[in-house]
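A.B. asks: Before I ask anything, let me first share the structure, which is written out below as structure tokens.
All of the numbers you see were taken from the coordinates with simple rules; none came from a lab. Here the structure is a predicted model, which is why all the values come from computation and not from measurement. Quick reminder, even Gly has a Cβ in these numbers, built from the backbone with ideal geometry, and neighbours come from all protein chains shown.
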Amino acid sequence: MIVWVYTDISKNVNDPQHLRVFATKLDAKAWFEQNALDGVAFAYETIAAPSKKPSSAPKVQTNLIKTLLVLSVLMLGIADLLTTNTILNLGLHELNPFMHLAQTWFGVWWLVPKLALTYFTMWLLWRSNNPYNIAIVVAFCSTPVLNNLVIIAGAR
């Protein structure tokens, strides 16, 4: 790979402005014409060719974050089940009309559609490549748990 190096002869060798390195001849020429300093530009062959394979470190970190976020959806789903059961044991009822319908139809087995919905959400989130969007969904999934905790605290 060839880079273009500009050397400003009016600067000392240890001065950070002494050398400028450009990826293309056009970049070097444009900068040289704009700044018109005393110096010379020349082509320089680099020793190592640029790597075509990007580092896997950012991808590994993103996958770890994604895994933790998706697992937190599972934990929040389980916390929602536990806090909802506590509310039902206190004699209160489900406020979500879909889960209330599931409780009416399935009785004690209402948790099956609830867990199925949690697993479906996890599957959809795993297919996403944007951890920020996954984090927003996780924050949204935490609201029923927080609401249930407020209801339990108010009932006691």
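A.B. asks: Mind listing whichever residues of the range 85-137 are small (Gly, Ala, Ser) and out of contact with any helix residue (DSSP H, G or I) (no Cβ under 8 Å at 6 or more places or on another chain)?
C.D. replies: Answer for the range 85-137, where residues must be small (Gly, Ala, Ser) and out of contact with any helix residue (DSSP H, G or I) (no Cβ under 8 Å at 6 or more places or on another chain): 91, 107, 116.
A.B. asks: Could you give me the residue pairs with C-beta distances under 6 Å whose first residue belongs to the range 144-156 and is within 16 Å of residue 99 (Cβ to Cβ), whose second residue is acidic (Asp, Glu) wherever it lies, and which are 6+ apart or on separate chains?
C.D. replies: From residues that are within 16 Å of residue 99 (Cβ to Cβ), the pairs are 144/80; 145/80.
A.B. asks: Oh, and also: Listed residues 152, 136, 78; which is more than 30 Å from residue 23 (Cβ to Cβ) and more than 30 Å from the chain's Cα centre (by Cα)?
C.D. replies: None of the others qualify; the one that does is 152.
A.B. asks: Scan the range 58-77 for residues that are without any contact (Cβ under 8 Å) to a residue 40 or more places away in the chain and under 22 Å from residue 151 (Cβ atoms) and jot them down.
C.D. replies: 75
A.B. asks: Next question, about the same structure. How many of the residues in the range 8-30 are loosely packed, with under 15 Cβ neighbours inside 10 Å and either touching a residue at least 60 places away in the same chain (Cβ under 8 Å) or assigned to a strand (DSSP E or B) (or both)?
C.D. replies: Here the count works out to 2.
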